[in-house]
Amino acid sequence: MGRAVLHVDMNNFYASVECLYHPEWRGRPVAVGGSEERRHGIVLAKSEEAKKCGVKTGETLWQARRKCPDILFVPPHFDLYQQYSGLAKEIYISYTSRVESFGLDECWLDVTGSPHFCGDGRKIADEIRRRIRAELGVTASVGVSFNKIFA
C-alpha cells in the first residue's frame, strides 16, 4: 500500500459561510472584503457567480465592481470562519492525526495507514467531500496523491 496524502480546500470558503447565514444571497455575486464606503480593501473571497464575472481574490473592490456591477460586498466575519475551520478539522481528525493546516480553509492530510484507509485515498477524499457538504453546508475540493505537492 503506497502513501496517500490529501489536500482539502473548502471552495469559496468565506463567501460560502456568509451565504449559509444569508440564504437570500445564494445565486448572487458576493465578495467578502473591505469597506466600499471607506473606499478601501480587497476581495478576500468571492462566490462562484462573482468568479464567473471575472472577479479575482486580491483585487480592489472598485476593480471587482467594474467587472461585476451587481456584486454584493460583505465584511469579513473571521470568528465564523474559524468556527467552520475547526469543525472541518474535527472531520479530518476522524481519518488521521496527521493534519497540517494551511490557512483556515486548506489542510493536508496524510491518511497512509489510517484505520479508515482501505487502500484507496480517493474513497477517503469522497467521504470527506460528502461529510463537509452534509455537516457544514459548504463544498470542498480534495486532491489525492503520494505527496503534498501533487495532492
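The values are calculated or read from the model by the stated rules, or taken from the named source; none is laboratory data. Since we're looking at a predicted model, the values are computed, not measured. Glycine also receives a Cβ, built like all others from the backbone with ideal geometry; neighbour counts cover every protein chain displayed. Remember, those area values only see protein heavy atoms, side chains included, never the ligands or the DNA or RNA. Shrake-Rupley method; radii C 1.70, N 1.55, O 1.52, S 1.80 Å.
Among the protein heavy atoms of the chain, carbon and sulfur supply 52% of the accessible surface, probe 1.4 Å, non-protein parts ignored. Over the C-alpha atoms of the stretch 100-151, the Rg to Rh ratio, Rh being the Kirkwood estimate, stands at 0.95. Summing charges over neighbours of Val8, with a neighbour being any other residue whose Cβ is under 9 Å away from its Cβ, gives -2 when K and R count +1 and D and E count -1.
Relative to the globular-protein estimate of 2.2 N^0.38 Å, the Cα radius of gyration of the stretch 1-122 stands at 1.27. Just checking the listed ones, Ile93, Ile42, Ile132: in the Gaussian network model of the chain with Cα springs under 10 Å, the one fluctuating most is Ile93.
A DSSP coil position with no more than 11 other Cβ atoms inside 10 Å describes the following trypsin sites (Lys or Arg not before Pro) in the stretch 7-60: Arg38, Arg39. When the chain is described by a simple charge dipole with +1 on each Lys and Arg Cβ and -1 on each Asp and Glu Cβ, the residue from Tyr84, Ile71, His7 located farthest towards its positive end is Ile71. Of the three principal axes defined by the Cα atoms of the stretch 64-138, the extents in descending order read 49, 23, 21 Å. In a simple Cβ point-charge model (Lys, Arg +1; Asp, Glu -1; nothing else charged), the chain has a dipole of about 400 debye relative to its Cα centre. Glu106 contributes an accessible area of around 40 Å² to the protein surface, as traced by a 1.4 Å probe with all chains present. Dipole check for the stretch 9-93: with +1 at the C-beta of Lys and Arg, -1 at the C-beta of Asp and Glu, and the Cα centre as origin, the magnitude is about 380 Debye.
Annotation: per residue accessible area for the stretch 1-132 equals 54 Å², rounded to a whole number [probe 1.4 Å, protein chains only].
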